[in-house]
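Peer 1: First the structure, which I've put down as structure tokens, then a few questions once you've had a look.
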Amino acid sequence: MSEPRWLTDDEQATWRAYLRATHLLTVQLGGELQRNSGLSHADYQILVQLSEAADRRLRMSELATSTQSSRSRLSHAVARLERAGWVVRESCPTDRRGAFAVLTDTGLATLAAAAPGHVDGVRTHLFDQLTPDQIHQLRQVSEAVAGHLEPLVDAVDA
């Protein structure tokens, strides 16, 4: 058995700073979203995905993938959004087991009301803290890591 590839001191400090920053950013933005609009971050993400889809509808399986959620968790979230009147489920005419999630006009209005505050929080807590070069670097780093991980995660989900 080979020796573990331990992190260097610099890598360890970077890893911990990354974990701390992403956790704090997620908590801050999630709290603001909940206080300002009554939406959880997961609910907001579902509404955004539906708002950007053709006819404001996605198959539940596609929505689960695009929100990086399990089908079970997504089903519970969509049920909650249905009770609020923001989403409706429609059966798929070509696949009796399939269903669509469809964003209602009320759901779109809820998203439209929540979006300015959320975007302001993202700008305030992330982008205003970085230089233009750091923003570019953050995107490059994020795309590199995501590009490495997406095929691995997709293989596990399959």
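The values are calculated or read from the model by the stated rules, or taken from the named source; none is laboratory data. Remember, predicted model here, so these are calculated numbers, not experimental data. Cβ atoms come from the backbone with ideal geometry, glycine included; neighbour counts cover every protein chain shown.
Peer 1: For region 39-57, enumerate the residues that are more than 17 Å from residue 104 (Cα to Cα) and not in a helix (DSSP H, G or I).
Peer 2: Matches in region 39-57: 40 only.
Peer 1: Are any of the residues in region 20-27 modelled with pLDDT of 95 or more and over 25 Å from residue 153 (Cα atoms)?
Peer 2: No, region 20-27 contains no residue that is modelled with pLDDT of 95 or more and over 25 Å from residue 153 (Cα atoms).
Peer 1: Quick check on region 1-27: of everything there that is in a helix (DSSP H, G or I) and acidic (Asp, Glu), which residue is surrounded by the most Cβ atoms within 10 Å (Cβ to Cβ)? I'd like the intermediate steps shown before the answer.
Peer 2: Applying the first criterion (in a helix (DSSP H, G or I)) to region 1-27 yields 9-27.
With acidic (Asp, Glu) added as a condition, the list becomes 9-11.
On the way: 9: 8, 10: 8, 11: 11.
Selected residue: 11.
Peer 1: Now for a different question. Which of the residues that make up region 84-108 are part of a helix (DSSP H, G or I) and surrounded by fewer than 12 Cβ atoms within 10 Å (Cβ to Cβ)?
Peer 2: 105
Peer 1: Taking the stated definitions as given, is residue 139 over 17 Å from the mean Cα position of the chain (by Cα) and surrounded by fewer than 11 Cβ atoms within 10 Å (Cβ to Cβ)? Step through it out loud before you land on a result.
Peer 2: On the way: over 17 Å from the mean Cα position of the chain (by Cα): no; surrounded by fewer than 11 Cβ atoms within 10 Å (Cβ to Cβ): yes.
No, not satisfied.
Peer 1: Name the residues in region 28-52 that are surrounded by fewer than 14 Cβ atoms within 10 Å (Cβ to Cβ) and at pLDDT 95 or above, would you? Spell out the reasoning first.
Peer 2: Taking region 28-52 first, the residues surrounded by fewer than 14 Cβ atoms within 10 Å (Cβ to Cβ) are 31, 35, 38, 52.
Hits for region 28-52 are 31, 35, 52.
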